[in-house]
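Okay, so here's the structure we're looking at.
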Amino acid sequence: MCKSDIHTLPTRRRFLQLTGTSAVGIAALSSQLLTTDVFASSKNDKSPPKPQNILTPQEALKHLMAGNARYVKGVARRHDFRHEREALEGGQNPYAALLSCADSRIAPEYAFDSARGDIFAVRIAGNFVTDDGLGSLEYAVAVLNAPLIMVLGHDSCGAIDAAVKAEKDNAKYPGQIQAIADALKPAVQQVLSQSGSLLDNAIRQNVVDNVGKLQSSSKILSDAVSQKKLMIVGGVYKLATGKVEMI
Ligand SMILES: [Zn+2]
């Protein structure tokens, strides 16, 4: 048994428990997982590289928002990149996972004044749940023990705006951009009759919808929520101030 096996076996067991796999199915699934070596880099069971990241979901949210408050005020901490690098060479235990837009103006580590090893970020234009993104977030929770997921939208989102134009003006887009606009249209359609800015309302609705999707479409995530090991929340980043407003 190599060193990494010693560290990863308990994590694999917990993953199988979270997936609700029966004893009969464990051997087959375990073998399948071992062949992919998907957990090879997870060594955080015995000595997590960042003990300060072992938080309850409520503590993690408080920590995240305190980081955003520092960022808003311009009093972000100085990060010691060299020592962080050394600590994280052997594993990771982020205290939060994010599903955020790919927009270059939204930089999750900056926005929450966090360092490497703190935030497990899944990013896609329009911050919506895809199969691959869901798998990544399941990994963050089941294997890395992240206690918090935040779906993070932002104002002036170009992806949501594309969906608004697709809905209102039947706009067409080249390549796979159309697929993103189509995926985001349901959020637009839900708020067509609301007063106020259609774009702002759709941005908010898209966050609400994807928080709901994460809560309902994954047994791994819903089990973690019911066991109070995980909280899934939504927020909108305001470009003008840098403030994340919780939904
Ligand atoms: Zn965006």
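FYI, it's all coordinate maths here, none of it is from the lab. Everything quoted here is computed from the prediction, not taken from an experiment. Cβ coordinates were reconstructed from backbone atoms using ideal geometry, including for glycine residues, and neighbour counts include every protein chain displayed.
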Ranking request for peptides 97-107, 198-208: highest mean number of other beta-carbon atoms within 10 Å first, then the rest in descending order.
198-208, 97-107
I want the antiparallel fraction of DSSP beta bridges within the range 48-246, as a percent rounded to 5.
15 percent
If you scale each eigenvalue of the Cα gyration tensor by 5 and take the root, what three semi-axes come out for the range 119-200, rounded to whole angstrom and sorted largest first?
28, 15, 10
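Let me know the whole percent of all Cα-Cα pairs from the range 48-246 that are separated by more than 23 Å. Show your work: numbers first, answer last.
Numbers: 8768 of 19701 pairs.
Summing the P(r) tail past 23 Å for the range 48-246 gives 45 percent.
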